[in-house]
Every structure is written in C-alpha cells, then in structure tokens.
Amino acid sequence: MFEGCSKLTYLDLSNFDTFNVKNIRGIFRGCANLQFLNITKCKRAEEMLEGINRTKCNIILGSNFPNYIY
C-alpha cells in the first residue's frame, strides 16, 4: 500500500482499520524518509513495521504492544 513511497515523511493511521487485511507485512518497506508513524489502533502492527528504519522514525503503537517502544 505505502511500499516504495520514498517521499512520505508523516503518516497518522490511528483510525486505520486493518482487521480484515490478509497480508500487511512490510507495507512501509522503502519509505526511507518516514519520520513519524501512528498505528495505535492497527492490528498486527509488528508485521507492518518490517522494513522501517526504526532509528529514524518515531513510531506510536497502541497499548496492545507493550514490548514495542520506539
């Protein structure tokens, strides 16, 4: 969906419904300039995060993911 969007810097998906999505793995792969990502209500967030430069991007996750702090 967002794969390869190299100019994308800010994305708020806090109301993004991923409940019925079958494959969400790596949808941000290639988003090299992403600096902010809010996925607080997304299901399977750990799969979504594959391919993100986590040292460059501030990621906000919901309370369902206590082991993920970025």
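Laboratory data are not the source of any read-out in this text; all were calculated from the coordinates shown. A quick note: this is a predicted structure, and the numbers were derived from the prediction, not measured. Positions of Cβ are backbone-derived with ideal geometry, glycine not excepted, and every protein chain shown enters the neighbour counts.
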Report task. Along Cα→Cβ, 7 Å out, is where each label goes; now give me the distance between the ones at residue 9 and residue 54 in nm to one decimal. Result -> 2.5
Requested in this report: Determine the calculated [θ] at 222 nm for the chain from helices alone, applying -39500 (n - 2.57) to every DSSP H run no shorter than 4 residues and normalising by the residue count; nearest 500 deg cm²/dmol.
Outcome: -1000 deg cm²/dmol
Query - Span per principal axis, largest first, for the Cα atoms of the chain (Å) - result: 27, 25, 18
